[in-house]
């Protein structure tokens, strides 16, 4: 990675001019960022799938599930058949990537079984797929002003309505995203 600091535990907020259909008006939580590239989860693209449907597909019992109709998110365009759970509290799951002291990304089935039995994390987001960048790619996109970066916020991830996450994430860095143009000017 160039002499750029890690963007792990930061939001990437799509700028209005970013027209890639995978990322238009998205907020992506960067979970890992190093010299090999970056991995993130889009937190504001819900699908029509519900949590109980995913648990059914995986034959995970859901007798005590607390929020069966929780939305499933499209976490990004990479490996959309793979489920990832972004959750508050690290817990003791088989495969968890700590993002910070209180936020983790888990890919193991044991967390889904705990969620189905109401023993899982209180606040979690199930995403299918993730966003990935190769070495230097995210840094290049940042130089091209495709993204605004800022601090992550668990309230935005877990407790803010989906349609408000993009403007709220931008507000964290003092930007009213609705006032930014999607057009580039010419002198």
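Every read-out reported here was derived from the displayed coordinates using simple, explicitly stated rules and does not represent laboratory data. Because the structure is predicted, anything quoted here is derived from the model rather than measured. Cβ coordinates were reconstructed from backbone atoms using ideal geometry, including for glycine residues, and neighbour counts include every protein chain displayed.
Odds and ends about this structure:
- Ranking of 88, 144 by count of other Cβ atoms within 10 Å, fewest first: 144, 88
- Efficiency of FRET between residue 19 and residue 175 - r from beta-carbon atoms, R0 30 angstrom, step 0.05: 0.95
- Computed Kirkwood radius, in angstrom, where 1/r is averaged over Cα pairs of the stretch 10-177: 16.2 Å
- For the stretch 101-152, a Kirkwood hydrodynamic radius built from all Cα pairs, placed in the Stokes-Einstein relation at 10 °C and 1.306 mPa s, yields a translational diffusion coefficient of 113 µm²/s.
- Working note: 222 nm ellipticity from helices only, DSSP H runs with n ≥ 4, each -39,500 (n - 2.57), summed and divided by the residues of the chain, gives -4500 deg cm²/dmol to the nearest 500.
- Residue ranges 127-137, 152-162, 55-65, 8-18 sort as 8-18, 127-137, 152-162, 55-65 when ordered by packing (mean number of other C-beta atoms within 10 Å per residue, highest first).
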